[in-house]
1. Is it fair to say Asp182 is more than 25 Å from Ile124 (Cβ to Cβ) and either surrounded by 20 or more Cβ atoms within 10 Å (Cβ to Cβ) or in contact (Cβ under 8 Å) with a residue 40 or more places away in the chain (or both)?
2. If Gly196 satisfies all but one of (1) out of contact with any strand residue (DSSP E or B) (no Cβ under 7 Å at 6 or more places or on another chain); (2) crowded, with 17+ Cβ neighbours inside 10 Å; (3) assigned to a helix (DSSP H, G or I), what's the number of the condition it fails?
3. Does at least one position in the range 231-244 carry a residue that is in contact with a Lys or Arg (Cβ under 9 Å, 6 or more places away or on another chain) and touching a residue at least 40 places away in the same chain (Cβ under 8 Å)?
4. Search the range 195-250 for residues being of a type in the set (S, T, N, Q) and touching a Gly at 6+ places or on another chain (Cβ under 9 Å), and hand back the single one that is nearest to Tyr120 (Cα to Cα).
5. Does the range 180-192 hold any residues that are in contact with a helix residue (DSSP H, G or I) (Cβ under 8 Å, 6 or more places away or on another chain), part of a loop (DSSP other than H, G, I, E, B) and farther than 17 Å from Lys111 by Cβ, and which are they?
6. Of the residues that make up the range 36-44, is at least one surrounded by fewer than 16 Cβ atoms within 10 Å (Cβ to Cβ), modelled with pLDDT of 95 or more and not assigned by TED's automatic domain parsing to the domain that holds Val174?
7. Answer yes if at least one residue in the range 193-205 is touching a helix residue (DSSP H, G or I) at 6+ places or on another chain (Cβ under 6 Å), modelled with pLDDT under 95 and of a type in the set (Val, Ile, Thr), and no otherwise.
8. Take the residues in the range 17-60 that are touching a helix residue (DSSP H, G or I) at 6+ places or on another chain (Cβ under 7 Å) and part of a helix (DSSP H, G or I), then tell me which one is nearest to Ala192 (Cα to Cα).
Amino acid sequence: MPLGYSFQITPEELQEIFARLQPYLPKHLKKVDAQPYGLRFEFAPFTGREEEPSKPSTHGDPKLDYVRESEDETEHLLREKASVVLSNLYETAREEWKDAAYVADLKAVVKDAPDRWKTYQHEIKALSTAYDYLRTPEAAKEWPSAVSRLIDAQDRTKAAATAFDERAREIAEVHDTHLYADLGHDAALKAAGYPGAKDWHITGAGEYGKHYYSDWDNNPPLEEQARRLIEQQDTHVAKIGRLSGATAGN
């Protein structure tokens, strides 16, 4: 008789089941609570560096091996329930381990990403300031120097964007590796100790290192974003020079 998706386990059966399952329980298991909706398993925290929990075989165990219903209905049902409990137990352990492995892998690759992001934020702000200054009357008095400072700011922004992308690419690859973990990207980074990472620009792993980005690529890495911005600035500055005929403060 199949158990189906829902079945009852009496307290006495549960006690007997766990007595039989004792040799097969994962060492991280701390507590089992019987809830109205089923069993709740509590585990000690996983590091993510343990072997992935995997349901052990109970084949050959005289107290858990399959017994036909026609031979002993009570024993048949008890062993079927024990098998389901063991499967659910290891599935829950595996899901918690997956999240822990995800977090552990992120900790290994984030490294100095917060500092690199901070540097990029500083440089992109400085670039905006240098570019906006060109629109002021004061800039006309020192045009070559103002443009030179813009170029310096552009170079620093490109370097900062490239540096952050190096870390972002590794983080994105970890996200892809743990695609089926319960934790989302921001939640995993927060669990790894980086709550501010929700503001970082991390695109898909496949977006990094491309030789060409089309205009339809609306979420490219920072390096490509910086290239596009600088190209727009250069075009605008060149147009000013053509229309005004002024390349120096005179």
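The values are calculated or read from the model by the stated rules, or taken from the named source; none is laboratory data. Predicted, not measured: the structure shown is a model, and the values here were computed from it. Every residue, glycine as well, gets a Cβ built from its backbone with ideal geometry; the counts of neighbours run over all protein chains shown.
1. yes
2. Here Gly196 clears every test but (2).
3. Applying the first criterion (in contact with a Lys or Arg (Cβ under 9 Å, 6 or more places away or on another chain)) to the range 231-244 yields none.
Checked against the condition, which is being in contact with a Lys or Arg (Cβ under 9 Å, 6 or more places away or on another chain) and touching a residue at least 40 places away in the same chain (Cβ under 8 Å), the range 231-244 yields no hits at all.
4. Start the filter on the range 195-250 by keeping residues that are of a type in the set (S, T, N, Q), which leaves 203, 214, 218-219, 225, 232-233, 235, 244, 247, 250.
Narrowing the set further to residues that are touching a Gly at 6+ places or on another chain (Cβ under 9 Å) leaves 219, 247.
Values: Asn219: 17, Thr247: 30 Å.
The selected residue is Asn219.
5. Residues satisfying the conditions are Tyr180, Ala181, Asp182, Leu183.
6. Scanning the range 36-44, I find at least one residue that is surrounded by fewer than 16 Cβ atoms within 10 Å (Cβ to Cβ), modelled with pLDDT of 95 or more and not assigned by TED's automatic domain parsing to the domain that holds Val174, so the answer is yes.
7. No, every residue in the range 193-205 fails to be touching a helix residue (DSSP H, G or I) at 6+ places or on another chain (Cβ under 6 Å), modelled with pLDDT under 95 and of a type in the set (Val, Ile, Thr).
8. Tyr24
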